[in-house]
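The values are calculated or read from the model by the stated rules, or taken from the named source; none is laboratory data. Note that the structure is predicted; figures quoted are calculated from it, not measured. With ideal geometry, Cβ positions are generated from the backbone for all residues, glycine too; neighbour counts draw on all protein chains shown. In case anyone asks, the SASA skips ligands and DNA or RNA and just uses the protein heavy atoms, side chains included. Shrake-Rupley method; radii C 1.70, N 1.55, O 1.52, S 1.80 Å.
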Amino acid sequence: MSIQFLKRTLVVLTIGVVQLGLLVVPATLSSGSTPKALPTKTIITGTNTFVNQIRQYFFCQTSKCKKEVAANKAKVLSAVAGIDAYLKLMMNDSVPSSESRLVHKYGVDARALISAVALYPKQKNPDDEAQNAGIIYYQSANVGSDSYLLDAVISKVPVSFSQWSVGVVGVVYAMQVDTQAESSKASTATDISANRSLLLEATSLRSDANGPNAAFNALLVKFASTQTKESSASILTLEGKKSSTSQTELAALATSLSAQFSKIVSTQNKLAK
């Protein structure tokens, strides 16, 4: 799932899930000394600014950002440093119990994002580069979603499904791109890489099942479980190793995945209205 492939697929994607753009949020950061209590509001505002900067660089689609590559790259380095600083605050400051679960998820998603950004320019293999591009794509969306949920908690406002589901949309889209990467023309190495990406994405999707609609959360968990089974068995087969899953069972899993995916898309589109 290279950045180039992501850009190309953005044009032809027809699954009906809304596309991820920049997260439009205030960009003012607080100043002064860090209080002993976790400065959640500052983290929320800063996080969304940083996520926008990362997405602007890696997934640029306008003539303006294409002319400002060097400046946007510098902003990415600053954004990563900023998010890393927030992770340190989360470790050292007092976190209210109402925020602890969300802070933990923020930490998992943010660390994955930071690692992928750092690793991306070092990748020489196209499949490895593709995997990192995908992680940057959906984990930047996940961090934005985590930030939104934190804001909803401290502001004591109901969670909007459409705003929360930005992270889910990012992961599901990445999963579709990786699934499309598997084809009769793809090399075995590419197929293995795609399935490894799908395993990571399934893990992420399972953790994303924390939205305001219980039935939708259940769909995500079921799909993630099915994808894990299918990709794990596929990798063994592609590597020439013994698998307890037969080709017939693999075909059945693939059919089930297609049906579950369609259900997620239709439900997401309905709930996001």
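Annotations for the structure displayed:
- Given LYS66/LYS124; LYS41/LYS263; LYS105/LYS185; LYS122/LYS222; LYS156/LYS222, the pairs whose alpha carbons are separated by over 26 Å: LYS41/LYS263; LYS105/LYS185; LYS122/LYS222; LYS156/LYS222
- Calculated SAXS-style log₁₀ I(q)/I(0) at q = 0.09 Å⁻¹ - the chain, Debye, Cα scatterers: -0.43
- Over the chain, accessible surface divided per residue gives 49 Å², non-protein components excluded, 1.4 Å probe.
- Carbon + sulfur, % of accessible area of the chain - ligands and nucleic acids excluded, 1.4 Å: 58 percent
- Stokes-Einstein diffusion of region 115-172 at 37 °C, 0.692 mPa s viscosity, Kirkwood radius from Cα pairs, rounded to a whole number: 262 µm²/s.
- The label point for SER94 and the one for LEU271, both projected 7 Å from the Cα toward the Cβ, are 3.5 nm apart.
- Sorted largest first, the principal axis extents computed over the alpha-carbon atoms of region 152-273 equal 53, 23, 22 Å.
- Using a simple spin-label model with pseudo-atoms 7 Å out from Cα toward Cβ, LYS122 and GLU68 lie 3.0 nm apart.
- In plain terms, the C-alpha convex hull of region 203-273 casts an average shadow of 5.1 nm² when viewed from every direction.
- GNM remark for the chain: springs join alpha carbons under 10 Å apart, and the peak mean-square fluctuation among LYS122, LYS263, LYS73 falls on LYS122.
- Ratio Rg/Rh [Cα only; Rh per Kirkwood] for region 84-241: 1.01
- Furthest towards positive pole of dipole, SER225, LEU198, ASN142, structure part region 135-253, Cβ charges: SER225
- Helix screen, the chain: DSSP H segments with Cα axial length of 20 Å or more and mean Kyte-Doolittle hydropathy at least 0.5 are 69-92, 166-181, 214-238.
- Cα-projected label distance for ALA189 with LYS156, points at 7 Å along beta-carbon direction, nm: 5.8 nm
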